[in-house]
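The values are calculated or read from the model by the stated rules, or taken from the named source; none is laboratory data. Bear in mind that the values here come from a model prediction, so they are computed numbers and not experimental data. With ideal geometry, Cβ positions are generated from the backbone for all residues, glycine too; neighbour counts draw on all protein chains shown. The protein model used for the area step is the full one, side chains on, heavy atoms only, and it has no ligands, DNA or RNA in it. Shrake-Rupley method; radii C 1.70, N 1.55, O 1.52, S 1.80 Å.
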Amino acid sequence: MKGNRRWVTGALQHPDRDPTRRELLATKQQPYGVVLSCIDSRVPPELVFDTGLGDLYVMRTGGQAVGPVVTGSVEYGPMTSGTPLIVVLGHQRCGAVSAAYKALREGKPLPGNLQAIAQALRPAYEQAVRESSADPVETMARAQVKLTADALRGNQDLAPLVSKGVLAVVSAYYSLDTGQVEILNGAPA
């Protein structure tokens, strides 16, 4: 979050981005966090958190949709090298969530494999419909990151790490307007 504060204020440090760091990491990595974010080009986690080489494992999918390969990728750091943090990062005005919301509301499938994203986001859509807010797409985007973080927190392989207190699984939301990341749930006490 300190890196995000630097991003918001423009006081960037661009840490760990030099040949010395690259050489240090050539044989081993030990990232301190995993970020599951959206594919949106306006939300690159390494920049949003002002990090560098070897600091984060990053997975990006449309609307933070998950399946076995993505879940396995998220599990990799905590299960192989003790990475202590997973952040599921959603964002304001998400195109993937908006497209899924419209497709699900209208009952019109998206083309190609985009429909798989819409189906993966169905639980968030259903929650947004139940909440009937003024901005259902934003409600759906926030619901998606919370639901995904909750599922990872309860995952049979990650849950024991969470119970032991060696892993935190956090849901967060990025404002395109301000650059600020808001923690929604799961922050360690």
For region 85-133, just run the numbers: alpha carbon Rg, then divide by 2.2 N^0.38 Å, N being how many residues it has. 1.20
Which residue fluctuates most in the GNM of the chain (Cα springs below 10 Å): ALA141, ALA103, ALA168? ALA103
DSSP loop (so not H, G, I, E, B), at most 16 other Cβ within 10 Å: list which trypsin sites (Lys or Arg not before Pro) in region 83-116 pass both filters. ARG93
Express in % the proportion of alpha carbon pairs of region 95-189 at distances exceeding 20 Å. 45 percent
Total lysine pairs whose alpha carbons fall under 26 Å of each other in region 12-166 (8 or more apart, or interchain): 4
Region 1-144, accessible area per residue, ligands and nucleic acids excluded (1.4 Å, Å²): 52 Å²
Amide H to amide H, which residues 5 or more places from VAL87 or on other chains are under 5 Å from it, using H placed in the peptide plane? VAL34, VAL35, LEU36, VAL170
Rounded to whole angstrom, the alpha-carbon centroid of region 107-160 lies from that of region 1-55 at a distance of 26 Å
Carbon and sulfur together cover what percent of the accessible area of region 1-159 at a 1.4 Å probe radius? 56 percent
Measure of size requested: the Rg and Dmax of region 1-101, with Cα atoms as the atom set and Å as the unit; please supply both. 14.5, 46
State, as an integer percentage, the relative contact order of region 35-189 based on alpha-carbon contacts under 8 Å between residues 6 or more apart. 26 percent
